[in-house]
Amino acid sequence: MKKKHILVAGGAGYIGSHMVRLLLKEGYQPVVFDNLATGHKDFIPKGCPFFKGDLKIKKDIDRCFKKYPIDTVMYFAASLVVPESVANPLKYYENNVSASVLLLQSMVEHKIGKIIFSSTAAVYGEPDHIPVTEDSKKVPTNPYGSSKLMIEQILKDVAFAHDFRFISLRYFNVAGSGPGEETGIRYKEITHLVPSILKVASGERSVFNVFGDDYSTEDGTCVRDFIYIMDLCRAHLMAIKYLDTHPEVKSDVFNLGNGDGFSVKQVMDASEKVTGKKINAHFCPRRPGDPAKIVASSEKAQRILGWKPQVPLSEIIESAWRWELKERERKLRAKKK
């Protein structure tokens, strides 16, 4: 029996590279599509097909689809830094919306009819109730969230017009590193909460900036969902299997969240316990586009997909800390060369 080929757009990045490893383990044949702008070639497992291309260039996508018998696309290729999206919205509409349109055009032309789309809880903006469900109102507070919501609408329209099916997964803060810490978060500018805190613990940064301590939350800092990277990847795998085993399903949307949420201060406290290091924090004004609290209900994903998060925050941070120490060693070796 031939292995199903899964195109992993953004497969050399943080989430995508973990997904590639899980797909290999589960007997699929992932094909990594990445322009390496923020991804890393050493994140791609040896022997895994890699196509260097840009989703903003349709010829690249077409050539990839001609080369490999792709069954399903998994999309992890978006720009995702909220403050940057506020400062440079056109970049986000080009990298996220325009590039997705080209991808979908090529999928329709090449008769590739399934996609698992990486969306975000940022589509909800400032929710009027917690936890948010898939039917909660959607009023994004930043261009990043707006771009994802636009793509979701485009997916619906394409599914209506063509032989095309999709699942959109909305999640917020993904953290941690997978088994063996083979891959993790490695960006030029780290903005993710957990690695930003851990870089202070490792000594790479002198201070952790807390943006806002006057929100209407229990301790004044923002509250967010946190999901372990491999829990997230399992949900994507379940989404593929769901489409494969339920041909009557045209499309669906699922939240992925822990249902409780943790504040920035709580994550700092948990990080201090894991690392044994004091986190030097500096409190700054709020950032534009940051909602006070978003916690997503995953009841629908549990009921339909059979998914629920398994790894608690302390273990998420422990795995992220192992990756951070590994990265520090890598950088030290690179300096000595």
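The values are calculated or read from the model by the stated rules, or taken from the named source; none is laboratory data. Not measured: the values here are computed from a predicted model. Cβ sites come from the backbone with ideal geometry, for glycine too, and all protein chains shown count toward neighbours. Protein only, heavy atoms only, side chains kept; ligands, DNA and RNA dropped before computing areas. Shrake-Rupley method; radii C 1.70, N 1.55, O 1.52, S 1.80 Å.
Kindly list the number of the only condition in (1) over 19 Å from Lys114 (Cα atoms); (2) of a type in the set (S, T, N, Q); (3) touching a residue at least 24 places away in the same chain (Cβ under 8 Å) that fails for Gln29.
Answer for Gln29: the failing condition is (1).
Which is buried (at least 20 other Cβ atoms within 10 Å of the Cβ) and more than 28 Å from His110 (Cα to Cα), of Leu155, Leu198?
It is Leu198.
Count, please, the residues in region 63-111 that happen to be acidic (Asp, Glu), under 20 Å from the mean Cα position of the chain (by Cα) and within 23 Å of Leu243 (Cα to Cα).
Total satisfying the criteria: 0.
Which residue pairs have Cβ atoms closer than 8 Å, lie 6 or more positions apart in sequence or on different chains, and pair a first residue in region 117-145 that is more than 22 Å from Tyr92 (Cβ to Cβ) with a second residue that is open to solvent by 50 Å² or more (accessible area, probe 1.4 Å)?
Asp128/Lys137; Ile130/Lys293; Thr133/Glu299; Ser136/Asp128; Ser136/His129
Does Thr141 satisfy the criteria of being in contact with a strand residue (DSSP E or B) (Cβ under 8 Å, 6 or more places away or on another chain) and surrounded by 20 or more Cβ atoms within 10 Å (Cβ to Cβ)?
It is false that Thr141 is in contact with a strand residue (DSSP E or B) (Cβ under 8 Å, 6 or more places away or on another chain) and surrounded by 20 or more Cβ atoms within 10 Å (Cβ to Cβ).
Out of the residues in region 55-66 that are closer than 17 Å to Ile6 by Cα and out of contact with any Ser or Thr (no Cβ under 8 Å at 6 or more places or on another chain), state the one that is most open to solvent (accessible area, probe 1.4 Å).
Lys66
Could you say whether any residue in region 25-38 is part of a helix (DSSP H, G or I) and at pLDDT 95 or above?
yes
Taking the criterion of being in contact (Cβ under 8 Å) with a residue 24 or more places away in the chain, surrounded by fewer than 16 Cβ atoms within 10 Å (Cβ to Cβ) and outside any loop (DSSP other than H, G, I, E, B), would at least one residue in region 251-264 satisfy it?
no
Are there any pairs with C-beta distances below 7 angstrom linking a residue in region 33-44 that is under 14 Å from Leu55 (Cα atoms) to a residue that is outside any loop (DSSP other than H, G, I, E, B) and among the basic types (Lys, Arg), with the two at least 6 apart or on different chains, and if so which?
Every condition considered, the pairs that remain are Asp34/Lys52; Asn35/Lys52; Leu36/Lys52.
Confirm whether Ser271 is of a type in the set (Ser, Thr, Tyr), touching a helix residue (DSSP H, G or I) at 6+ places or on another chain (Cβ under 6 Å) and under 20 Å from Val207 (Cβ atoms).
yes
So for region 162-182 (the condition being farther than 22 Å from Glu84 by Cβ, modelled with pLDDT under 95 and of a type in the set (Gly, Ala, Ser)), does at least one residue qualify?
yes
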